[in-house]
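Asks: Below are the structure tokens for one structure; questions will follow.
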Amino acid sequence: MIIIPRIFVTGANAQSAYSFVTGVSPLAWLGLARKLAIDINGLEGSEKVRISILHHHMEMKGENHYGDILPSQLRSAELTTRKQTQMSMGLQPIANCNLKATLIIDGINASSEKVKKHLLKLRLAGGAIESFGEIIQCEIDEILFKTKGGFFIKEFDCLSGIAPQDKIKAFLSLLLKTKDKNEEIEKNEDTKNKKWLSPMNLGYIAVTDFNEKENSRFSLPHAYAEPLVGMIEYVSKNKIEDFSQIPFWEYSNTIKNVFVAKPVVF
């Protein structure tokens, strides 16, 4: 295992799906870890990389828009036009954030110095990696002892047993109930059973066939896709009693044309 403590990232994309501004998806962290694995050990075996994310802090970036704090560049996008008929694509509204998290990676065989050298060249969800702590090599049963406080990012399964045609309605209903319940808990100052939930993009499904496309990256087949939004829970490290409870994530594409970040437990 490799632990990269307190990675500080600026300007990361906080809008993992077009409907939600919630923070950086586990998909982005998996992408970072896999790119690191490819750079260090080559392509073979990189798809087997697993990660766990220990969240510490996040601050959303925005601007004051007539008294409301809204995602960056919203006002500029409204006021700037190209040829007076089309909005400048370079000034579309965006949602960025600065964040700090510890990344735990299983599946990379390299020295701490080598990991540090390659990590400094990478980005997370488009954001710049500004700094991180001393990289730690450890076994899985040492993770809880060698990391500081924070919140592990875990999948929250809220749609099991619900018919496909009812999943969206149930998902939105849960979001509203969670909001109301959190407000009630805050009033009663009872946080014992409070869950910190958030919608998050956890994958993509292709909505067109894969075809050759000019200027595609590495000349790979191209298809248009839609995000697959699920629910994640931020679980306090203090509630993790044993290393077997630490939530890990890995890539999965066992269903045709579907690519997701899948939770896994060691």
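The values are calculated or read from the model by the stated rules, or taken from the named source; none is laboratory data. It should be emphasised that the depicted structure is a prediction, and the values quoted were computed from it without experimental measurement. Quick reminder, even Gly has a Cβ in these numbers, built from the backbone with ideal geometry, and neighbours come from all protein chains shown. Surface areas here come from the heavy atoms of the whole protein model, side chains and all, with no ligands, DNA or RNA. Shrake-Rupley method; radii C 1.70, N 1.55, O 1.52, S 1.80 Å.
Asks: Taking only pairs six or more apart or across chains, which ones have beta-carbon atoms under 6 Å, a first residue in the range 142-162 that is on the phi < 0 side of the Ramachandran plot, and a second residue that is of a type in the set (S, T, N, Q)?
Replies: Partner pairs satisfying both residue conditions: THR147/THR102; PHE151/SER236.
Asks: May I pose another question? Residues of the range 17-45 being open to solvent by 20 Å² or more (accessible area, probe 1.4 Å), assigned to a loop (DSSP other than H, G, I, E, B) and of a type outside the set (A, V, I, L, M), which ones?
Replies: Those that are open to solvent by 20 Å² or more (accessible area, probe 1.4 Å), assigned to a loop (DSSP other than H, G, I, E, B) and of a type outside the set (A, V, I, L, M): TYR18, SER19, THR22, GLY42, GLU44, GLY45.
Asks: Give the residue, chosen from SER160, SER198, SER216, that is of a type in the set (Ser, Thr, Tyr), over 23 Å from ILE240 (Cα atoms), modelled with pLDDT under 90 and open to solvent by less than 50 Å² (accessible area, probe 1.4 Å).
Replies: SER216
Asks: For the range 111-121, check the following and say yes or no: at least one residue is out of contact with any Asp or Glu (no Cβ under 8 Å at 6 or more places or on another chain), crowded, with 18+ Cβ neighbours inside 10 Å, modelled with pLDDT under 90 and not acidic (Asp, Glu).
Replies: no
Asks: Looking at the range 243-260, which of its residues are in contact (Cβ under 8 Å) with a residue 24 or more places away in the chain and open to solvent by 30 Å² or more (accessible area, probe 1.4 Å)?
Replies: Hits for the range 243-260 are PHE243, GLU250, TYR251, ASN257, PHE259, VAL260.
Asks: So, one more: Here's a check for you: in the range 126-155, which residue that is surrounded by 15 or more Cβ atoms within 10 Å (Cβ to Cβ) and touching a Gly at 6+ places or on another chain (Cβ under 8 Å) is farthest from GLN245 (Cα to Cα)?
Replies: GLY127
Asks: I'd like to know if the range 74-96 contains one or more residues that are farther than 23 Å from LEU144 by Cβ, hydrophobic (A, V, I, L, M, F, W, C) and either modelled with pLDDT of 95 or more or open to solvent by less than 20 Å² (accessible area, probe 1.4 Å) (or both). Please lay out each step first, then the result.
Replies: Restricting attention to the range 74-96, the residues satisfying the condition of being farther than 23 Å from LEU144 by Cβ are 74-96.
If we keep only those that are hydrophobic (A, V, I, L, M, F, W, C) as well, we get 74, 77, 79, 87, 89, 91, 94-95.
Within this subset, residues satisfying the condition of being either modelled with pLDDT of 95 or more or open to solvent by less than 20 Å² (accessible area, probe 1.4 Å) (or both) are 77, 95.
Scanning the range 74-96, I find at least one residue that is farther than 23 Å from LEU144 by Cβ, hydrophobic (A, V, I, L, M, F, W, C) and either modelled with pLDDT of 95 or more or open to solvent by less than 20 Å² (accessible area, probe 1.4 Å) (or both), so the answer is yes.
Asks: Any idea which of VAL265, VAL207 is under 20 Å from ILE3 (Cα atoms), aliphatic (A, V, I, L, M) and more than 15 Å from the chain's Cα centre (by Cα)?
Replies: Every option except VAL265 fails the conditions.
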